[in-house]
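This report refers to the structure that appears directly beneath it.
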Amino acid sequence: MAARCGVSYSSLLPLLSRSVVSSHGFSSKALSRPFQSLKVSAMARRGFSATQEDDFATPADLRFEPPLKIVEYPDPILRARNKRINTFDENLKKLAHEMFDVMYRTDGIGLSAPQVGINVQLMVFNPAGERGEGEEIVLVNPIVYKVSKKAVLFNEGCLSFPGIYADVERPASVKIDARDITGGRFRVNLSELPARVFQHEFDHLQGVLFFDRMTEDVLSSIRSQLKALEMKYENQTGLQSPERIDDYKRTKEVAGFGRA
């Protein structure tokens, strides 16, 4: 069954006008420039900076071979810079379709392009978590320009961190600018589960991982699992892990989103 890859302001309205509840709970596992360019202060601890105006993805950056596979921590692709997209063609639609496909196959409700090895500003999500249910949303070059003062603690997981779940505090709602799959620009408010999923995936586009936003106590509770993933990476690739949780140092920049 073909996935619906487009999104428009009208298709988002059902999500914004009512409470959306997923039977999976949140997790990227079972969960698991439109207007003015606005900077976001959420940055990866490796010095990630906001994408430059002229830093667009090339055809080579958007090239992919199906089936897509999930990139797991600590692969450096998850910390790499993600370029903006300015070509809205059939290849981009196919990429979004393939991302939905792997998202559903892995019981996810959200997925970002770097999680499938493509470092561009693209995310897909469906809070219902089931093909044919809910709304399939595609966001290209998203920008956060306002977040709520109210914050909510929620148990999150991530497809790039299989089997790991922990509490993450995030703003309850966000206002964003983005493009849809055809290049159309729109501005929209997200709250509740859609806001949570968006922020999780938006972090991926900034090179930020969900444990970057955990408290020290929560991070300590999953430390052994992160070390196991680092060892798994080394065993599979024969390379030294590009980052180690034992050497982890939190940066102030990852504390929240910038406001305009």
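The values are calculated or read from the model by the stated rules, or taken from the named source; none is laboratory data. No experiment lies behind these values; they were computed from the predicted model shown. Quick reminder, even Gly has a Cβ in these numbers, built from the backbone with ideal geometry, and neighbours come from all protein chains shown. Accessible surface is based on the protein model in full, side chains and every heavy atom, while ligands, DNA and RNA are left aside. Shrake-Rupley method; radii C 1.70, N 1.55, O 1.52, S 1.80 Å.
Taking the Cα centre of the stretch 163-216 as the origin, how large is its charge dipole in debye, to the nearest 20, when only Lys and Arg (+1) and Asp and Glu (-1) carry charge on their Cβ atoms?
It works out to roughly 340 debye.
Dipole of the stretch 113-260, Cα-centred, from +1 at each Lys and Arg C-beta and -1 at each Asp and Glu C-beta, to the nearest 20 debye?
Rounded to the nearest 20 debye, it is 560 debye.
Using the Karplus curve 6.51 cos²θ - 1.76 cosθ + 1.60 with θ = phi - 60°, what ³J(HN,Hα) values do you get for each residue of the stretch 66-73, in whole Hz, with x for Gly and Pro?
x, x, 6, 10, 6, 8, 9, 3
By the gyration tensor of its Cα atoms, with a ≥ b ≥ c the square roots of the eigenvalues, what is the shape of the stretch 103-251: rounded for a/c under 1.5, prolate for a/b over b/c, or oblate?
It comes out prolate by the Cα gyration axes.
Cross-link candidates for K175: which aspartates and glutamates have Cα within less than 20 Å, leaving aside residues fewer than 8 places away along the same chain?
Output for K175: E135, E136, E192, E201, D203, E253.
Near the amide H of E156, under 5 Å away, which other amide H atoms are found, from residues 5 or more places off or on another chain, if H is placed in the peptide plane?
For E156, the qualifying residues are A166, D167, V168.
In terms of solvent-accessible area of protein heavy atoms at a 1.4 angstrom probe, what is the ranking of Y73, Y145, highest value first?
Accessible-area ranking of Y73, Y145, largest first: Y145, Y73.
Once ligands and nucleic acids are excluded and a 1.4 Å probe is used, how much of K146 is accessible, expressed in Å² to the nearest 10?
100 Å²
Considering only Cα-Cα distances, which of the following residue pairs are longer than 19 Å: K150/K249; K69/K232; K93/K146?
Long pairs (Cα-Cα over 19 Å): K150/K249; K93/K146.
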